[in-house]
Amino acid sequence: MVKYLILQNPGHNRVFYKEAGELAAAELSIASQRLSVECTDIATQEVAGVRYITLSCNDDLSEADINILSRLSFVFAIFHQFGIFAEDGLLPIPFAKYEYLDSKISTLQKYPGKTNELFTKMMVNVALLASDFTYDDAISLLDPISGRGTTLNEAAVYGFNAFGVEIEHKSVHENQVFFKKHLQNERLKYLSDRRMVYGKKKSEAIYIDEFEYANSKEAFKDETQRKKLGVVNGNAQDVDKYFKKNSFNLIVGDLPYGIAHGNSGANKSSTGTRNPLELIRTGLPAWKAVLKTGGTMVLAWNSFVLAKNRLAEVFEQQGLKVLNEAPYDGFEHMVDKSIKRDIIVVKKL
């Protein structure tokens, strides 16, 4: 039996320290299903007063396995334990180099209500690992409630094509300004475009602002190697009007906890409810339509305002598979006294 100890990213503990170990173990358990070796006994262990997540395997991890582990949201350092006890010695294992864009893109933005970027990264990982796709596939991700783009930025770090829909014009504008500035600061070549994606006349037109870019001049010369990031200033329930059916491998989003996104009407919300149920009911048919078979949705919400079984019923009524067994049921945690956050993982079979 080979044992590995994983040091948690300190930022992972910033908001929900007590539950961070459980969330990390759940994410690792999902990832372990993709590893080339059999892994058991995922747990937490303290060594010299420092908490680690432990992973026991029946053989050494392969290079491909390390590539998967390196992407997990909580992973700060990976050690191979030699000897019977951790105190006998830990050998650090080099991380896989997977970042298409520098991960700092997710930490640079600061604004009230921003989701912890490591939590967002975890949702992206869970979505990919629960799907029928791999990190090596050409992945397209949609966030139908994209806000200022934390999910899109995390997808860009992985080299995914990332698209969002956001009803607030200010958020769309700030996302575009930020991403353009980041590309310029990193001296990356790009093209930007604004075009109409819906509407028969100008008064009802819906637009997408889109970047086409690459992380090197050589890659940019080859159009097939370019990546895309775009945001539609539109309504979450109309994503199938803006994008083709079966366009996305993954749908990832953080449902509003206290701010209503547009779930009726062309340009504004008709409700001030904090309950995400109306948003899901009105948006889900369109979300399902643009999701590929074998693709997954991972959505976070405040379980204080809506029980998970009620939310699951809505997805099941649409013929989607809710993954609610372990380890997919291990992500609920307190954020503050009014928010108990959880994620639901749903697959299109």
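Read the figures in this text as sums done on the coordinates, not as results from a lab. Quick caveat, the model's predicted, so the values are computed rather than measured. Cβ sites come from the backbone with ideal geometry, for glycine too, and all protein chains shown count toward neighbours.
Between the helical axis of 17-32 and the dominant principal axis of the chain, each derived from Cα atoms, what acute angle in degrees is found, rounded to the nearest 10?
Once rounded, one gets 90 degrees.
Looking only at GluC sites (Glu not before Pro) in DSSP loops with at most 11 other Cβ atoms within 10 Å, what is the longest site-free stretch of the chain?
The reported range is 39-324.
Under a plain spin-label model, where a point goes 7 Å from the Cα along Cα-to-Cβ, how far apart in nm are Tyr100 and Ala312?
3.3
Please name whichever of Ile53, Tyr242, Thr107 sits farthest to the positive end of the charge dipole of the chain, dipole taken about the Cα centre and charges placed at Cβ: Lys and Arg +1, Asp and Glu -1.
Positive-end residue among those listed: Tyr242.
Starting from the Cα-Cα distance between Asn324 and Ala289, subtract it from 0.36 nm times their residue separation and give me the gain in nm to one decimal.
10.4 nm
Angle, helix 277-290 long axis vs. longest principal axis of the chain, Cα atoms, 0 to 90°, nearest 10?
Rounded to the nearest ten degrees, it is 90.
For the range 212-245 and the range 132-152, what is the separation of their C-alpha centers, rounded to whole Å?
11
Starting from the Cα of Lys97, draw a straight line to each of the aspartates and glutamates and keep only those under 16 Å, dropping any in the same chain fewer than 8 residues away.
Those aspartates and glutamates meeting the cut-off are Glu63, Asp65, Asp136, Glu154.
How tilted is helix 169-185 with respect to the longest principal axis of the chain? Cα atoms for both, answer in degrees (0 to 90, nearest 10).
Once rounded, the angle reads 60 degrees.
Just to be sure I understand the model, the point goes 7 Å from the Cα along the line to the Cβ. What's the resulting Leu349 to Asp193 distance in nm?
3.8
Over all directions, the average projected area of the alpha-carbon convex hull for the chain comes to how many nm²?
One quarter of the hull surface, i.e. the mean projection, equals 17.9 nm².
Any chance you could get the radius of gyration and Dmax over the Cα atoms of the range 2-93, in Å?
12.3, 35
Once you put a point 7 Å from the Cα of Phe85 and another 7 Å from the Cα of Lys217, both along the Cβ direction, what distance in nm separates them?
Inter-label distance under the simple model: 5.7 nm.
What translational diffusion coefficient, in µm²/s and rounded to a whole number, does the Stokes-Einstein relation yield for the range 83-151 at 4 °C and a viscosity of 1.567 mPa s, taking the hydrodynamic radius as the Kirkwood radius over Cα pairs?
For the chosen part, D equals 85 µm²/s.
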